Amino acid sequence: KRTAILISGGGSNMEALVRSMTADHPARPVLVLSNDPEAGGLAKARKLAVPTFAVDHRPYGKDRVAFEAELSRILAAAKIDLICLAGFMRVLTPGFTADWKGRMLNIHPSLLPKYKGLHTHARALEAGDTEHGCTVHEVTADLDDGPILGQAKITIEPGDTPDSLAARLLPLEHRLYPAVLRRFAAGDKSPVYL
Ligand code: GRF
């Protein structure tokens, strides 16, 4: 499966995914695409010898469809079969998610269906939760809402802050996402629980 990884920032999940796609893997990292030309993940991708593209979303203003048309052009030219969103911070239109139904994954830093959207660590702390985690799911038209493909859990400790949760969760994300991708790319949608 020719795979594109979409990023907006540091790309640590992208790096973990790229490193996991060894020769025997059913997926191959063909492209890293960012909506921010300054994203740190672009330099990481170049170091990993993965072709990169940046499509700055800002010139498109509110015209999400025009922005996504440029993404689709690049994805089609690279003959992409599968998209992994990894720290990608743009909401995608129902049209784009429909085009990629069953072929687009995302990682979200909460135990979905809890805490869809932003500031998940702070919200789990505010709620007094004793556990937290991350979820890989299929992307559908509704934000952070598609079928769950994997979850990894951590316990929330006294004194935890949003930063300490994020720091403890990120290495788990780097294990969960590759484990899910290996199964999903082989056609196995059974969920992974770490
Ligand atoms: C991570 O918290 C991930 O869960 C979310 O974006 C954050 C940064 O990810 N999707 P990365 O380092 O850019 O992969």
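Given (1) open to solvent by 60 Å² or more (accessible area, probe 1.4 Å); (2) over 30 Å from Lys62 (Cβ atoms); (3) within 13 Å of the ligand (Cβ to nearest atom), identify the lone condition not met by Lys153. Condition not satisfied by Lys153: (3). For Gly159, are the conditions met, namely being more than 12 Å from the ligand (Cβ to nearest atom) and over 18 Å from the mean Cα position of the chain (by Cα)? Answer is yes for this residue. Which condition number does Asp81 fail, the rest of (1) in contact with a strand residue (DSSP E or B) (Cβ under 8 Å, 6 or more places away or on another chain); (2) within 12 Å of the ligand (Cβ to nearest atom) being met? Asp81 satisfies every listed condition except (2). Restrict the check to region 53-75 and report whether at least one residue is within 16 Å of the ligand (Cβ to nearest atom) and touching a Leu at 6+ places or on another chain (Cβ under 7 Å). So far as region 53-75 goes, yes, one or more of its residues are within 16 Å of the ligand (Cβ to nearest atom) and touching a Leu at 6+ places or on another chain (Cβ under 7 Å). The single condition among (1) open to solvent by 60 Å² or more (accessible area, probe 1.4 Å); (2) part of a loop (DSSP other than H, G, I, E, B) that Gly146 does not satisfy is (1).
Among residues of region 84-99 that are within 20 Å of Thr3 (Cβ to Cβ) and open to solvent by 40 Å² or more (accessible area, probe 1.4 Å), those with a Cβ under 8 angstrom from a residue that is part of a loop (DSSP other than H, G, I, E, B) and within 8 Å of the ligand (Cβ to nearest atom), sequence gap 6+ or separate chain, pair up as Met89/Ser8; Met89/Gly9; Arg90/Ser8.
Being under 21 Å from Pro191 (Cβ atoms) and of a type in the set (Gly, Ala, Ser) is the filter; apply it to region 142-171 and report the residue that is modelled with the lowest pLDDT.
First, pick out the residues of region 142-171 that are under 21 Å from Pro191 (Cβ atoms): 142-155, 169-171.
From what's left, of a type in the set (Gly, Ala, Ser): 146, 150, 152.
Numbers: Gly146: 95, Gly150: 98, Ala152: 98.
In this case the residue turns out to be Gly146.
Which residues, taken from region 20-35, are in contact with a strand residue (DSSP E or B) (Cβ under 7 Å, 6 or more places away or on another chain) and open to solvent by 40 Å² or more (accessible area, probe 1.4 Å)? Give the steps one after another, and end with the answer.
Initial filter on region 20-35 (in contact with a strand residue (DSSP E or B) (Cβ under 7 Å, 6 or more places away or on another chain)): 21, 27-34.
Hit for region 20-35 is Arg28, nothing else.
Residue selection: Leu42 satisfies the criterion of being within 13 Å of the ligand (Cβ to nearest atom), more than 21 Å from Ala166 (Cβ to Cβ) and out of contact with any Lys or Arg (no Cβ under 7 Å at 6 or more places or on another chain). For Leu17, the stated conditions hold: it is closer than 19 Å to Leu169 by Cα and either polar (S, T, N, Q) or crowded, with 18+ Cβ neighbours inside 10 Å (or both).
Would you be able to say whether some residue in region 114-137 is modelled with pLDDT of 95 or more, touching an Asp or Glu at 6+ places or on another chain (Cβ under 7 Å), more than 11 Å from the ligand (Cβ to nearest atom) and in a loop (DSSP other than H, G, I, E, B)? Yes, region 114-137 has at least one match.
The values are calculated or read from the model by the stated rules, or taken from the named source; none is laboratory data. Owing to the predicted nature of the structure, the values given are computational and were not obtained by experimental measurement. Please note: Cβ atoms are built from the backbone with ideal geometry, for glycine as well, and neighbour counts cover all protein chains shown. Side chains are part of the model used for accessible areas, which takes the heavy atoms of the whole protein and leaves out ligands, DNA and RNA. Shrake-Rupley method; radii C 1.70, N 1.55, O 1.52, S 1.80 Å.
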